[in-house]
Each structure stands twice: as structure tokens, then as C-alpha cells.
1. Which whole-number percent is the relative contact order of the chain (Cα, under 8 Å, 6+ apart)?
2. Mind telling me which of V324, V92, V18 comes out most flexible in a GNM of the chain, alpha-carbon contacts under 10 Å?
3. For the chain, with a Gaussian network of springs between Cα atoms less than 10 Å apart, report the residue from A161, A152, A221 with the top mean-square fluctuation.
4. With a cap of 12 neighbouring Cβ atoms within 10 Å, and only residues DSSP puts in a loop, list the GluC sites (Glu not before Pro) found in the range 36-119.
5. Of R284, R112, R45, which has the largest mean-square fluctuation in a 10 Å C-alpha GNM of the chain?
6. Show log10 I(q)/I(0) for the chain at q = 0.11 Å⁻¹, two decimals, from a solvent-free Debye sum over equal Cα scatterers.
7. Which whole-Hz couplings ³J(HN,Hα) result when phi for each residue of the range 328-338 is put into the Karplus expression 6.51 cos²θ - 1.76 cosθ + 1.60, θ = phi - 60°, listed in order with x for Gly and Pro?
8. Contour minus end-to-end for E303 and Y82, with contour as 0.36 nm per residue of separation and end-to-end as the Cα-Cα distance?
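The values are calculated or read from the model by the stated rules, or taken from the named source; none is laboratory data. Just so it is clear, the model here is predicted, and its values are computed rather than measured. Heads up, the Cβs are rebuilt from the backbone with ideal geometry, glycines too, and the neighbour counts pull from every protein chain shown. Surface accessibility is based on the protein's heavy atoms, side chains included, excluding ligands, DNA and RNA. Shrake-Rupley method; radii C 1.70, N 1.55, O 1.52, S 1.80 Å.
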Amino acid sequence: MAYCISSPWFYRVQDPGVLKCRGCNEEFRKRSLMVDDRVLEIVKRIGLEGLYRTLFRELDHNLITAFVERWRPETHTFHLPYGEMTITLQDVEVLLGIPIDGEAIVGTCALRWAVECQQMLGIVTNSVVLKGQRIQIKKLLEKIDQGLPDGAEEVVVHQYALCYILALLGDTIFADKSGDRVHTMWLQMLRDLHNPPRYSWGSACLAMLYRELCRATDKNASQIGGALILVQYWAWFRFPFLCPRMDLPPNGAYGPPLPSSPLSIKLVWVVSTKNSPAEICLVRYRQLLDSMYPNQVVWQPYEAELGHLPAFCVAGQDMWMVRVPLVFFWLVEKHTPDRVLR
């Protein structure tokens, strides 16, 4: 039986237990079905249609913790009994549908953020609503709940759309460890909603996720942010024995056809695991990973699906295996898919 050296079995102190995983806020997911065509057109224009159509659900904190315990910061890979595996740009684009090719997301962190929020979001802030560069997600949701009136001026439509996009980014792929706030630094990428530059949101997403995984390996860490839903879906596709059962509707009644969506839509029927006992589930996940067999690993889970995915999920196919630095403002992390090629 093989054990990873970062596993709790090797800690010389008390088992740190389950990490608190930030993101996928239930309050936000209740509002995530945006139907206003004016807003959807802007979401598509900036390249985030895939993220809008991605299936989001509650996070399995136990599963994510079990994989964090096997993450090695030196290589950006999970060390498993039958080799190294990692989350790559291919996983980002196929599972979340966000672009991985384009300009790097870099900019300044020295703007007057209260002014930016008032001009671009239409939100007047104070020291409680805005702390440094982070605004309350609650405040963005309040703006979204007001609705977008018919005949609204263009500036109002743009402010409403930016509130939704900022909340979507901050609650999913760029989840902050604070849990209830989102960074406003992405607003400078969204100034021109008529002809926005093409940004590599996927590279930024993966850079932040790598950094959060590295930080969470510290024995004193108690929480983790980043695109944790990506970790969960990646694990379910690569290790089907870890995925909860699917409750398919009776008699094949699937309802109306699902919209063109990233591959995560296939997990729509997976049952909830949020009421499972935390301490039992984490121990069980550790045992399953330690005792897994080679035939329980799906090394190429997307091969049969690529031809059926929408264009925005395969647009960067030529970039999936590139060895490049992933850049996200001050974060720079290595993308080395060659380490995990069969």
C-alpha cells in the first residue's frame, strides 16, 4: 500500500481535519439563472458563456481535502499510488468552458476602488461594503435582485451585467478565502463591453487554483479558495469510484433538451453529499485513494466527448499541452502537462 508523504498519516501533530472550502455560495446559485438577453449577450462577448452555463453545486469538502493532502507544491501534481496527475488547461476549458487562449490577466492594484465601484457597478460603497479592493458579494446580489427594467439605458445595463459577472467570477473560479467578498481588480478587464479584449480567464483560474492548493498543504491551513468546483469535477471524471451515484429521472424523462454546455453538465444527476458526516467521509476518501487499483483511473476521460462539446469548450485545443507560465496579476505558476502524459 502506498502513502503520499503529505498525507495526515505522516503528520507528527494532530490530524488537521477537513479544510473549509470557499466558493459556490448557495445564495448566489439561487440567482445564477440569468435570463435577460441583454446581460447574456455581454457575458458571451467577454468569453464567459461557458462559465455561465457550467453546472455548479455544493462542494464536497472531504473529497477536496483528501486531494489537497496529496498535492505537491514542487511539481503542481497530485501524488497517487499509480503516478502523478494534475489539473491542466484542458480540464479548465472542457469542464468550465472558459477561454484559455488570449491576453494575460494583469493590471494595476492601485486604482481608486470606491470610484471604480460607483462608476462601473453603480454601487456607492463605505468601509463596510468595500475593504481595500474587495467588495461584499451580498452587495452585488442586492443590485442583481433589483432587476433590470425594460428600456434601461446602456450604462445601467452594463452596471447590472458587471455586478453579475463579478459575483460569478468571485464565487466560482476566483473564490476568495474571505468567503463573502470578491476582488474588484477584474473590473479593469471589463471597461469596454462593446469590443472587449480576449483574455485567458482559464490561465488565471488555474494559476490561482495552483497557488491555493500549494498554500493549503501547510499543516496550519484551515481553508482554501480558488476554483474548487473544478477540483471536484476533475476528480469525479478521473476517478469514477469517488463520484456519488446518479439519480436519473424515471422512465427516461429527461425534460427539455439541455443548452449547449461544458462537460460538467453530465453531472447534473449526481446526488447531494452535503449531509454526510465529515470525519467519516474524509477517512473513507483517504482509504479509497490509498487502496485504489490501476483500472479505477480514467486517464483520458474526455476523448469520447470532445466531438459533442460546444465550440467554446474546445477552442483552445492547440494550447492544452503547452508548457507555459500561468499569469494572474502577481501570481505566476508553471503549467507542466508533460509531467503527467502517459
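1. Relative contact order of the chain: 29 percent.
2. V324
3. Highest fluctuation among the options: A152.
4. Listed in order of number, the matching sites are E74.
5. Comparing R284, R112, R45 in a Gaussian network model of the chain, the most mobile one is R112.
6. -0.73
7. Karplus-based 3J(HN,Hα) across the range 328-338 equals 8, 6, 8, 8, 9, 10, 7, 9, 10, x, 5 Hz.
8. Extending this stretch completely gives an extra 77.5 nm.
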